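The values are calculated or read from the model by the stated rules, or taken from the named source; none is laboratory data. Treat the numbers as computed from the prediction; the structure is a model and nothing was measured. When we count neighbours, we look across all protein chains shown, and the Cβ atoms used for this are built from the backbone with ideal geometry, even at glycine.
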Amino acid sequence: MVKNRFLSVVMALVLMAFFTSGQLFSQKASATSSSKQTSLILATTTSTQDTGLLDVLIPMFEKENNVKVKTIAVGTGQALALGQKGEADVLLVHAPQSEQPLVDSKDVINRKRVMYNDFILVGPSSNPAHLSGSDIKTAFKKMYTAKKTFVSRGDDSGTDKKEKSIWQSLNIKPSGASYISTGQGMGATLQIAAQKKAYVLTDRGTFLSQKKKLGGMKIIIEGGKDLMNIYHVMQVNPAKHKMINSKDAKKFVDFMVSKKTQTIIGNFGKKEYGQALFIKYTE
């Protein structure tokens, strides 16, 4: 009798241990699964990368959300095309007129204003076309008439779109030896303009972050009412593009307009450049 009771207790303990270890294994597996790192594709313009802003913000987002962000920094036109084809999860761009068709077609959703700065015309300190003031159209026309060298990004970026809209408003199709199209990002285009001692349209943030490398290039035209440069963040619509990581895309949109991130944006560059490279702009 005693022996049978002893065997019963032993069996109960064995079963309990097995059950408990099974629970622990299940909990551990569940915890491992829930903490698995996910991946997010961000298509953005080169200015957010060239200024160094993404070097600050992306690691923060990754750490807070256990997400690995793959950043594709291209011209805004290319970034929008990636979103329209469902080849990116979230976009950070700066060409409102070009963004609107994607909003209307519902290729993107949850579009939010994040920040802004402005476009400026920069050139050699000698300012060979003797440009001044804040009227960008007058400056472009005078520069073109004087046949002074202008360097264009030529990459369908937000900055390139802005430049082309100015020429179009003047009914001018720039060409010839004095008009150089690089097909490259803002940082590289500024470097080429500096080498050529030429004029170039740029966003203020990238110019300030690159200025020390540009050998005497300075701001020539600034402050015009039509030179505002607005950045939006938006999700690619999972209802139209099935492979989208919509959960993390929404987290990224929320992150970019959060109070903490907006404070970082509003202060970014002040210490090093004496002014912020971007102005926070939450809706």
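What to note about this one:
- 2 or more residues in contact with a Leu (Cβ under 9 Å, 6 or more places away or on another chain): qualifying strands (runs of 3 or more DSSP E) within region 119-237: 150-152, 199-203, 218-221, 228-236
- The set of residues in region 77-118 being part of a strand (DSSP E or B) and buried (at least 23 other Cβ atoms within 10 Å of the Cβ) consists of Val90, Leu91, Leu92, Val93, Val108, Val114, Met115, Asn117.
- Any hit, region 127-142, residues being outside the structural domain of Ser258 (by TED's automatic domain parsing) and within 22 Å of the chain's Cα centre (by Cα): no
- Screening Ser169 with (1) over 18 Å from Ile230 (Cα atoms); (2) surrounded by 15 or more Cβ atoms within 10 Å (Cβ to Cβ); (3) under 29 Å from the mean Cα position of the chain (by Cα) gives one miss only, at (2).
- Checking Val114 against (1) over 26 Å from Lys225 (Cα atoms); (2) among the aliphatic types (A, V, I, L, M); (3) out of contact with any Asp or Glu (no Cβ under 6 Å at 6 or more places or on another chain), the condition it does not meet: (1)
- Filter result (basic (Lys, Arg) and surrounded by 14 or more Cβ atoms within 10 Å (Cβ to Cβ)) within region 219-246: Lys240
- Residue in region 251-266 that is among the aliphatic types (A, V, I, L, M), at pLDDT 95 or above and farther than 26 Å from Ser209 by Cβ present: no
- Qualifying residue in region 246-258 (condition: farther than 23 Å from Gln97 by Cα, in contact with a strand residue (DSSP E or B) (Cβ under 8 Å, 6 or more places away or on another chain) and part of a loop (DSSP other than H, G, I, E, B)): no
- Taking the listed residues Asp107, Asp203, Asp160, the one that is touching a residue at least 24 places away in the same chain (Cβ under 8 Å), over 24 Å from Ile279 (Cα atoms) and either among the hydroxyl-bearing types (Ser, Thr, Tyr) or in contact with a strand residue (DSSP E or B) (Cβ under 8 Å, 6 or more places away or on another chain) (or both) is Asp107, with no other qualifying.
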